[in-house]
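Everything below concerns the one structure shown next.
The values are calculated or read from the model by the stated rules, or taken from the named source; none is laboratory data. Treat the numbers as computed from the prediction; the structure is a model and nothing was measured. Here the Cβ positions follow ideal geometry from the backbone for every residue, glycine too, while neighbour counts run over all protein chains shown. All accessible areas refer to the heavy atoms of the entire protein, side chains included, with ligands and DNA or RNA removed. Shrake-Rupley method; radii C 1.70, N 1.55, O 1.52, S 1.80 Å.
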Amino acid sequence: MKILDPTITEGWDAGIAALPGASFFHGAAWATVLKKSYGFTPVYFTKTEGRLSAAIPLMEVNSFLTGKRAVSLPFTDYCEPLVPHAEVSKVLFEAMVQEGRKRQWKYIELRGGADFLGDGPASAWFYRHTLDLTPGEAKLFKSLRDSTRRNIKKADKEGVEVRFESTPDALREFYRLNCLTRREHGLPPQPWQFFEHLHEEILARGMGAVALAYFRGNAIAANVYLHTRGAVIYKYGASDKAHQNLRANNVVMWEAIKYYAGRGFKSLCFGRSEPENEGL
């Protein structure tokens, strides 16, 4: 068993990609964004047998409000432990507990890992929504609700245009809309430096894109997507409520579905939602 930091481990992405169940969030780029933006310490528990054979990503979070703890991973919808069988699970779990006591962690939080924990009770649970992109544009559009299809057609008729960009300016437009949306929900926005690092480590390296909906030259809705190895993740969405009647949110998501399906991607994950949120 070894504790590794993927941000400085040569060949991490190639090794992790070979493990069943690996997602974008297991990669070095996402770890680097979290480390640079928030000062978290990567503590990834791994097992190697000539090559990487198991991995449980953790970030050590040290806050004066909540104390020191380990999370897999902060600001991440899901991050399953990548373990091949129960014996390896037991070895890594014991190593995590031992290391946690040494580092004085209050607790360890896993976002995923039902199989890994066995009979251990979950403190919370969520739904995860994933769309199969392989049926093609026509079948995907037909599978939408009638109201959604009408909203998409309305946005098209009103002249809403969607562009896919990965520039710093595109991300700034998203951030402006994100601040509006978070304020509407009574929440503080993420710090701009997080999105700066997101651009530097992910978008600028071809692992994500911003889908921007424009109306008369102004951005009125935007989504941020992350992608790797045929899988896409819808990570962030924002819009200007003043233009809600144009249904830009519907058209920007539909254009993303078309965009990625047309480029051979197999699935689009919409993230997680609470069980009580029946609308999602």
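What are the residues in region 222-280 that are open to solvent by 60 Å² or more (accessible area, probe 1.4 Å), within 25 Å of Phe126 (Cα to Cα) and of a type in the set (Gly, Ala, Ser), if any? Selection gives Gly279 alone. Scanning region 203-220 for any residue that is closer than 27 Å to Ala31 by Cα, modelled with pLDDT of 95 or more, open to solvent by less than 30 Å² (accessible area, probe 1.4 Å) and part of a helix (DSSP H, G or I) turns up at least one such residue. The sole residue among Lys36, Lys102 that is in contact with a His (Cβ under 9 Å, 6 or more places away or on another chain), of a type outside the set (Ser, Thr, Tyr) and modelled with pLDDT of 95 or more is Lys36. Looking across region 1-25, the residues that are buried (at least 19 other Cβ atoms within 10 Å of the Cβ), in a loop (DSSP other than H, G, I, E, B) and within 17 Å of the chain's Cα centre (by Cα) come down to Ala22, Ser23. For region 33-42: of the residues being open to solvent by less than 20 Å² (accessible area, probe 1.4 Å) and in contact (Cβ under 8 Å) with a residue 60 or more places away in the chain, which is farthest from Trp192 (Cα to Cα)? Here the answer is Val33. I'd like to know if region 186-195 contains one or more residues that are touching a residue at least 12 places away in the same chain (Cβ under 8 Å) and among the aliphatic types (A, V, I, L, M). There is no residue in region 186-195 that is touching a residue at least 12 places away in the same chain (Cβ under 8 Å) and among the aliphatic types (A, V, I, L, M). Of everything listed in (1) in a strand (DSSP E or B); (2) farther than 30 Å from Ala86 by Cα, the single unmet condition for Glu196 is (1). All conditions but one from (1) outside any strand (DSSP E or B); (2) surrounded by 13 or more Cβ atoms within 10 Å (Cβ to Cβ) apply to Pro188; the one that does not is (2).
Find the helices (runs of 4 or more DSSP H) located wholly in region 65-145 whose residues include 3 or more that are under 30 Å from Gln190 (Cβ atoms) and out of contact with any Asp or Glu (no Cβ under 6 Å at 6 or more places or on another chain), and list them. Explain how you work it out, then say what you get.
Numbers: elements: 86-103, 114-117, 137-142.
Counting at least 3 such residues, we get 86-103, 114-117.
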